[in-house]
Structure formats: structure tokens, C-alpha cells
Amino acid sequence: MAEGLVDGTVPPLPPRYRFRDLVLGDHYAEGEDRVRVEFYINERSFKERLQLYFIKNQRSSLRIRVFNFFLMAVSCTLYCVRVILDDHRHIACHGCTPKNFSNTTENWWGLLWVNRPVWLWALQVSIAIIMLFQTVLMLYLQHKGNICQQLMSITRILEFLNTIPFIITLFWPPLRNLFIPVFLNCWLAHAILKNMLNDLNRALQKIQTAFSQQVIILCSMLLCLIFTSICGVEHLERAAPGVDGKMNFFQASYFVIVTFSTVGYGDIQVNVWPSQLFVAIMIIAALVVIPIQLEQLAFYLLERQKQGASYSKHRAASEKHVVVCATCIQADLIMDFLNEFYAHPHLQDYFVVLLSPVELDNTMRLLLQIPIWSQRVIYVQGSALRDQDLQRVRMDDAEACFILSPRNVMDRHEAAQNESDDDKRKNKGSGNAGKSGLDSLRNYYDQQTILRTWAVKDFSPNLPIFVQILKPENMFHVKFADHVVCEDEFKYALLANNCLTPGTSTFVTLLIHTLRGHEGSDSDSQWMRMYGRSSGNEVYHITLGDSKFFGEFENKSFIYASFHAHKKYGVALVGVKKDEEDSEIQLNPGPKHIMQASDTCYYFNITKEENSAFIFADSDPEKEREHKRKDSKSSLHNEPSSSSKIHSIIASVGSMAIELQERRANDPAREALVTGKPSTSSGRNLLIPPAGEEERVPGRRRPSILPVLEIMSSDPEDEETGITFTAEKVETEVDGDIEDIKVWDAKNESDWMKGYPPVAPYIGYTPMFSHLLANPRKLCCLELDQPCSHSNHHCARDYNWPNNSIIVAVESTAPGLYNFIVPLRAHWRPKHTLKPIVIMVEKRPDTVFLESIAAFPLVYYMIGSIESLDDLLRAGILQADTVVVVDRESSKLAEEDYMADACQVVAVQTMFKLFPSSTIITELTHPSNMRFMQFRAKDYYALKLAQKQKLSFVHAYLKGKLKSNVKGKREKERGANLSYMFRLPFAAGNVFTASMLDTLLYQSFVKDYMIIFTRLLLGLDQAHGSGYLCEMKITTDDLWIRTYGRLYQKLCSTTFEIPVGIYRTQMQSDSKSELSVTIDDDDQSSTCLSEERAALAELVRSKMKKLGLPESDYDAEATEKRSALSYVLINPGFDTKLELDDVIFIIRPAGGPNASSPMPPRRKYSTRRPKTEGEKREEPQGSMDTRL
């Protein structure tokens, strides 16, 4: 062949590789051997087939054991029948003549011979033959090793003892009356039952716990012990002298039960010594065997209590339930879930199944024993990664599955090990030094959540899954879940919005919690009543065509519908979703959106429309029916009724209407509202300022409010000139905010632009349109206090920023911190309003994080801690508007759980002592610790408020506990679990906990849009045509508007903005104010405070002098006394009066005109300048009210 290759010729193919063979297939030549191999021939022998049927096959072996159990039960039953039919006078072998015995001597022959009828003998022989055949067959099939060991087993001895004598009677008839202890077959039945339970678990996959098996085995053993004792005593007493001395079966049963129960009446007793010995032996056996079984039973009972119960298949078929999976069951976490879940009326009949791999702690056990929860909550110990445990909780039949992350649980040993590994990496110069061991633990917990989510999705693909995850970089693993809430993502976005719009954290927290609006209604304090009532507002949705609130606004603009719905019904229409494919929720889409019947409306209200009653001001029933008839007629023909026309006319001239009015055409009040002329009625004309206002301000034109038009096709301010509102005009006006870039840009920085960040912080991040630098800065320029070749600044003051900065203090730079920067650099924020961001981090950030923030303008970092006064001064706390203190992960390693915030609270209190006028926003681990924020020992108002809150909480708890078993009295009457609602730091928005966001995931079960809605509200997502949340402040020039309703109209008619709430700060002003009573400090305490304040001021000045900072920047006259009260009002009433310094939450349209604000123009730049003498610095937001 080699020669052929050398010659250039190719040898021919073998016959089987010819073209014909390739087409026709392989054909073997004649005479070629072909061998067929058969497998598993060892299983085709007779013995192997029998083993397969009797032993290996689980189902067939189970059937055989059931049949054997039936035979044992029948044999014991036949023995009882023989005892009942037995004649004690006929004691002889079969066919023999009975002998006569005296009544004074024992009849020992009675123990050997019994009276057995022929038909009974035939049945017992038949059973014996079957049993013997099976015994021999099993010996043959199971024979391994020594045959004597199998023959000498107790089971084999009993089988031979109760079968071979019956076989002998076939060949020797006189032995047919021979006594055979067939009652011992009960122990064979007991052994078969144990094997059957094991087969049920293996073959039929029955979920039988060890506890239930042990209970069955114990009951079977007790029954066998009693049955053996009864039959043994009855038979041995046959030897008693005389006929009357013998026991029948019932008497023997009575004697054994009385004896075993240790009652011992003594009315029946045994007469012969064999029976006495037998009873003694049985009692000893019972005393030995029963305690051992009871001990095992108690052990399994404790294990079952740890493992919890199982949700039965029958309950799953007839009842609805949801499953909550968590690494550990924390009392606070579960109670928040239960309170929020059962706050909805249509969820009252649902059951909650808790699935966790760890056992319940004592606190959780006590909580689940409360009747209101014990009847609804079922705990199951198991893992979501095991199909058996998922089957136990009936995951296939569940309505939803909630997978929660262990937020406040830390393995201290594991964390310490990770910290030591982290130190080693830093010593080696690793690039991941910024990632702490605790951050690795959070990743580990997220990995557990991811695996649980995958397991549930694999087990039940169509089940709705609600996932809570900690770190945003792990979100892309669970994107397939129906609803996902990332703690870090929402937390940082909420804190960022809180810096610009004060009280945003309180606003969102109240919005996503289910409250009734009755909280604080019994208080004497006006702010508590207003704050408590507005807290009941939630987000609801309804189709416009089915709505009473918005149905009349079909084919009208969104702005028109929002204003008139609030004026007429008190609801705030804030968003809409079109009935189109791939449509998204739009917050305030602007005046160009025309409402359609298929649109879904999203609004704020105390309750949803379906639970609202419409009561007119006129109580005449005839007029009410006439009004309903007109409304129904107008809705059918899409024409506004006369009442709607009247309201439209009233609104067009800027009046207020709180209730639905049915007035006559000649009503003087209505005529005054329409014409603007003074009315003789007692009501005020809200169209014009109060009487005398024009005299007080001579030369000023009377303010007026433009009407809110049904369809706004042009800019209201350009209607007279005929300028059309077009996209080109908007783009030109929006681009006009490029003013004075040089003021903002440093000398060596490039121009700004708007675009998407060039570097993503983590996998799965959706880029947001933001303010960016055309050329990202060098990483060395990002460090605030370290000079480099491009900058020589040593502290924040050297930068001379035109706006005050925002300081955020973190332990380490997690990727989630990126979501703090993005909302503060959103593209719709004007450049002149952007504030510098200083990230104070304790551990040096990694390169990936620095590269991701290098493209954002005015973003810096510095290595430092809030516990260091030098670091705070270098970071520019004197030039900062807000200081945000993020929760420390290492604090969760405290031995006592509620001490996790100790370091945080003390550090913030030190900052408050040193810089009383600074606004500090703090994140805590536990909400209960917020009472320590800005703690004042002499703050009697806060102490009284806390005492009243504690008493109210106890009263509500006892009231709810007493009513827990009353039909129709649900736990919603007790409100949600917001015990900290009236805490002053929370009401002011100065404190935040991540647990406040938990209800966002829980509410998504009922409102599937809540997560998307909140993301749009916080700026985490950007939808086409959707607006954004921002703020405006009421100044002295705005007080002529007077009411929230008129402000609503003013905004809707000019800038198309929608107000949704008020952040109100009430200062201590005059003696008639609600905040008039000051804190009563004695002279000695006031003197001590003054001396302490002077010492602190001297300390700060000395540090500033050391750092080269001007001492004039520090305000030493700032006081720690509480002199103001801040709180949030969500969707206040139409006639709510505006006050000075009110901050209005508004939703600004994304594509609206850049019209001038209805408010006076605010200051373009804000600078922190030294305070001159006589100029007081604004006090920190707090509270002051003594009328409890």
C-alpha cells in the first residue's frame, strides 16, 4: 500500500465502502459471522424472577406484605372465635372421650386440648399451608450464608410454631384439638406493618414522617402486648379447678386492662400459678418496652415540632395559600409580612406556609401561637432545594412564592474569617481590597436566594415568584421572576431623593404601607391628625371606562382629568397606562395625553374607588336620583352633564369646590363664583385674595389663575401670540439650561453633556440618561483631599463649589452606591441645581467602582469616617446641605441584635452635638432604634409623645388580640405594623431603614404594578413620556395662592405639573401656635448646656485651625433645642392652607414646555457664606408640640 501511495495510485475501497453499499446500507458477506449479545441473562433464571417479584419490585412486594398482614389478622380473629366457642367441659383429643375432673384439683389437660370445630380447623389449616409455603419460599430466595441463622430467628420460629402443627393434623386426626398459640401471629403482623410503612415511603412515595411511623408502631406494639396478655391469661386459666373458676375472653380482657392501667380493682383474679407467672412476665415486659417506645416517641415529637407540619393535599385543593421561603424566620420580618399581607380584605382566607431550613426560635414560636396567626400560618422546616420539601408545602398548588433574604442575620464566625482573609489580601496588595468579608456574606446570602428561586422555578414553572435580593449585581440571575426588589438599589435611590426632596423616604414608606387613615385621629395635636389621615393614602388603579372618578374625563387631557378629579373627589391622578401592547406606566404624561376609556388610571386615595361611597352635599333623595340619572345618561352619550358643566365653569375661573354641589341656577354663591363679584352669602370668594390685600400691597396687580383646559394644544402663555407648542420648541427651551457652564466646570475639566454612562457598574444594569463629562476624569482626581498633578486641593472648601454639597458616609463602596449618584445626576435636573457629592468611605474603593463614577461631574470620594472630626471637616460638613449615613454591615456582628446600630447612633449623635444645624439622614438596621436619633435628655415633648405612642400600641395590641376570634374583625383594624409612624425623626424623613421597603414586595401580590411605579417615582427607571418626582418651595411671594387646591390649578394650567404632597415644617412662632410651649429647662441645666456648647465650639475651632480652615465658617450659636416640627402630607385636601416654607412634592412631565414656574424664580446658585452678626442660622428640622 505504501508503494501504491508512492506511485500516486489510490487503492480500491473495500467492498463495504463502495458507493452502492453507501446507498443501500451495510451488507454482510455470506459466511461472515454476526453475533447478538443479550444482557442481564442472570435475571431470567427462575430464582431471579421470583426475587424480582417478591423482593426487588417495590410494588409487588408491598402487595405481598399487605396480603400477609391480612392473613395474620384473620388467623388472630379465628383464634378469638375459637376461644368464644370453646366448651370447657369437653377437654380431650379429637374423637376421644372427655375425662371428668374434680372441682378442687387443677385440670392441666385443659392447657393441651381445646374444642375446635371442623370448619374452623379447615380455615386455620388453609392459612397455615399458605404461611408455610411463603416461609419456605422466602428462605429459598433470601438464603445467603448460614441457613441456621435464618432458621433460628424469632420470626421464623413463630412462623414454624403456628404452621407445622396444623400441617401434622392433616395426617393425624386426633391432634386436631391440639392447642396451638395462633395469637402470637399478632407479633408477625406487627413486623409486617413496620416493613409496610417503609415500603409505603419507598414505593408509593407517601410522605410519612418519622413521628407518625413511630406512633403507629407504638400503638401496634401496645395492642399486641395487650392481645397476647388477654389470650395467654384466658388459656392458662383453663387449668383452674371447676367450671366457675375459669375466665372467658371478656373477663380476661377486663382483667388485663385493669391490671395494665395500675387500677387493680381485685374483683377478678388469676387462680393458678402459671397464669400468675405469665401476668408478672407481661407486666415486666410492658415496663421495659413501653418506656423505650415512649422515649423514642418524645424524641420524634420534639423533632417534628422543630420541623413543623406539612400542608396537606386536601387543604391545598380546597384552600388558597402562599409559601414564604427564607434562610431563617425572623420575628420582625415575618410580622411585617403578615400584617401587610392580611391588610387586604380579599386575602383574609389565604394561608401562609413558612418554609425555612432552621428551626423556629422562642420568640417566633410564641407569635405563631397567637390565635390570629395560629389558624393561618403553618411552619415547615425544610429546604427549597429539595423536591420533597417543596411537595410538603404543596408548591404546585400555591398562589405565589415569596423568597426573602436574611437582611440582619450574620454568621459572626464566618464574617470574622472573611475579615481576616480580607486583611491578608490588602497586605498582599490585592485589587479587591474594597470588598469586605461582610460584603462576601451578602453575596453568599444572595446566592442562596438565587438557588431557591431556580429550584422553585424548576419545580413549578408557572408559579408567580416574588424575590427579595440584597445586591443589584445579582439581579440578572433572577430576572425571570415575576417581581424582584433589590434592597441596595431602592435604598440608595431613596436616600438620594431624600437629599433633594426632604421627606421622600417617609412619603414612599407611607405610600407602600397599608394604613386606614385613622391613625392619630384621637390626638389633640393638629399635626398628628393631619399626618395620620394623609398616611392612609395608597396607590390604586382602575380602568377609566369603569371609573366614577375619571369616567367623565374621557377624551380630555390628562392634566384636566387630574385637576378636576382632585377638586371633585379628592383623589390625585398621577399616572396612566395605555391599553396597547408593550405600553408602560407613565407618571404625568402631560397635557398631550388624551384620556381613553381603555386607559388604566393610577391615583392616590385613602381607599380604592370600589370601596368608596358618593354622598352629595344636598341630601334631597329626589335630587340624588336625578343626579344619578343624569350621570348615567351622560356616560352613555359621552356628554358632560349639567353638573359637570357647572364644575367646569367653576374651575375655569379658578374657584374651589370640595363637595359635589347641586345648586339652583340662581344660587347667589354660585353666581359669585362664576362672575367674580362679591356674594352676600357667608362663604368666601376664593377666586381673589382676601379683602384688604390689595390695599396692603399698593401697585400690585391682583393675582389670577389660568383655567385648566380640557385639551391643551398650545402653551398657555403663548396662546395670545399664537405660538404653537412643538417638539422643536421644547428641545430649544430645554437645551437652554446650558447656561454658565464655566461657573460649574473646573479649570482642567471638559464640557458637560447628556448621555448614557460609558461604564456599567455591574452586569444587568440598565443605563440611565444623565449629566456626564465629555471626557471622564482621571482616577487620581476623584479623591477629594489628596492633591495630584491635575489638582492641588486638600479639602472640600478649596473647591469653592457654588452649591452646597451632599456627603454620603459608607463603610465600603458597594456597586449599589451607583444608584445614589444616578438620581442626583438625572438628565432632567438643571445644571445649576446639581450639588457636589462627596463619598466618605472607610475602605479604599476598587478600580471598577471608580471607573464607573469618573464620568459623572462633581463626584468625589475620600477615605475617612464620621467618627473622626478631622475627616468631617475635610469632607466639607460646614459646606454641606445634607449628610447621609448609610448602615454599616459590620454593625450586624453585635452579640445583641438590637445593638447593631450602637456605633451608628453614637456617631450621628456626636455629629449632631458638634454641628446642630446640619441635616443628617441616617439609615438604621432596626426601626426601634430611631428613637435615639438626635436624642435630647430634656426633650419632654418627645418623651410624652413616645409614652403616648407606647400606650396606644399596647391598647391596639390588646384590642386586636381580644377581637382576633370575632368574625369580621380582622387585623386591619389594628393598622399595619408601623409602630414608629409618629416618631419625630421618621415623620421628618431624617431616618430610614431597609425594612421599610419590604412591604413593596408584599403589596406586589395584590398590585402587580407597585415595583414599577416606585422605580419610576424614584428615578430608577425611565419610561418614554413619563414624568419625574421633584420639589418646589413655597415662599412669601406664593402665599397669595392660599390653598393646596388653587396651587393644584396653578401648576396644572401653567407648567402642567401635578402636586402629590406637602413636606411641612412648622416653626415655633407665637404664643398662640400649637408649638408655643418651649422645653422647660431649669437654669442649672441651661447653664450646663451653654458651657458644654462652648467647649464643643472651642474643640471644633481648634481642629479647623489645625487644618487651615477659617473659623468664621463655624456657627457656634446654633442650638440643640427642638424648635420645629416636620412631617409629610400625602395628597392633602383641596382646601388645605399653604404655609411658608412648605415643600411641595410635584410630578413634572417629561416633555412639557419650559414655561416659567408659577412660583417666583428661585435662586440660581446657592453658596455657603459665613454668617454675619445678627443673622440667625436656620434650625434643624425636628418637632415641637406639647398638646398630646
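Okay, here's what the table says:
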read-out	value
Selected residue (only one of Thr449, Thr453, Thr509 is within 26 Å of Val991 (Cα to Cα) and β-branched (Val, Ile, Thr))	Thr509
Residues satisfying the stated conditions in segment 461-473, i.e. touching a strand residue (DSSP E or B) at 6+ places or on another chain (Cβ under 8 Å), over 16 Å from Asp887 (Cα atoms) and not β-branched (Val, Ile, Thr)	Leu463, Pro464, Phe466, Gln468, Pro472
Options Leu850, Leu834; residue that is out of contact with any Ser or Thr (no Cβ under 9 Å at 6 or more places or on another chain) and either more than 24 Å from Lys1105 (Cα to Cα) or of a type in the set (A, V, I, L, M, F, W, C) (or both)	Leu834
Residues being open to solvent by 30 Å² or more (accessible area, probe 1.4 Å), modelled with pLDDT of 85 or more and under 30 Å from Gly503 (Cα atoms) - total across segment 1097-1143	6
Per-region count, segment 129-153, residues out of contact with any His (no Cβ under 8 Å at 6 or more places or on another chain) and free of Cβ contacts under 8 Å to residues at least 12 places away in the same chain	11
Per-region count, segment 799-810, residues among the hydrophobic types (A, V, I, L, M, F, W, C) and either over 32 Å from the mean Cα position of the chain (by Cα) or assigned to a loop (DSSP other than H, G, I, E, B) (or both)	1
Residue match in segment 922-944 (condition: modelled with pLDDT of 90 or more, under 30 Å from Thr766 (Cβ atoms) and among the aliphatic types (A, V, I, L, M))	no
Filter result for Ala384 (of a type in the set (Gly, Ala, Ser), modelled with pLDDT of 85 or more and touching a Lys or Arg at 6+ places or on another chain (Cβ under 9 Å))	yes
Selected residue (only one of Gly1045, Gly1061, Gly1025, Gly989 is of a type in the set (Gly, Ala, Ser), more than 30 Å from Ser583 (Cβ to Cβ) and outside any helix (DSSP H, G or I))	Gly989
Members of segment 1027-1043 that are surrounded by fewer than 24 Cβ atoms within 10 Å (Cβ to Cβ) and touching a Gly at 6+ places or on another chain (Cβ under 8 Å)	Tyr1028
Residue check for Trp109: modelled with pLDDT of 85 or more, closer than 24 Å to Thr163 by Cα and open to solvent by 40 Å² or more (accessible area, probe 1.4 Å)	no
Which numbered condition Arg529 fails, given (1) open to solvent by 10 Å² or more (accessible area, probe 1.4 Å); (2) assigned to a loop (DSSP other than H, G, I, E, B); (3) under 19 Å from Gly989 (Cα atoms)	(2)
Residue in segment 837-849 that is touching a residue at least 40 places away in the same chain (Cβ under 8 Å), crowded, with 22+ Cβ neighbours inside 10 Å, touching a Phe, Trp or Tyr at 6+ places or on another chain (Cβ under 9 Å) and under 22 Å from Pro502 (Cβ atoms) present	yes
Residues of segment 761-798 classified as crowded, with 17+ Cβ neighbours inside 10 Å and assigned to a loop (DSSP other than H, G, I, E, B), total	11
Extreme residue, nearest to Leu236 (Cα to Cα), among residues of segment 161-204 that are crowded, with 16+ Cβ neighbours inside 10 Å and touching a His at 6+ places or on another chain (Cβ under 6 Å)	Asn177
Criterion violated by Thr514 - all others in (1) open to solvent by 10 Å² or more (accessible area, probe 1.4 Å); (2) in a loop (DSSP other than H, G, I, E, B); (3) more than 27 Å from Cys1052 (Cβ to Cβ) satisfied	(1)
Condition met for Val456 (part of a strand (DSSP E or B) and crowded, with 21+ Cβ neighbours inside 10 Å)	no
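The values are calculated or read from the model by the stated rules, or taken from the named source; none is laboratory data. Predicted, not measured: the structure shown is a model, and the values here were computed from it. Positions of Cβ are generated from backbone atoms using ideal geometry, with glycine treated the same way; all protein chains shown enter the neighbour counts. Keep in mind that these areas ignore ligands, DNA and RNA; they rest on the heavy atoms of the full protein, side chains included. Shrake-Rupley method; radii C 1.70, N 1.55, O 1.52, S 1.80 Å.
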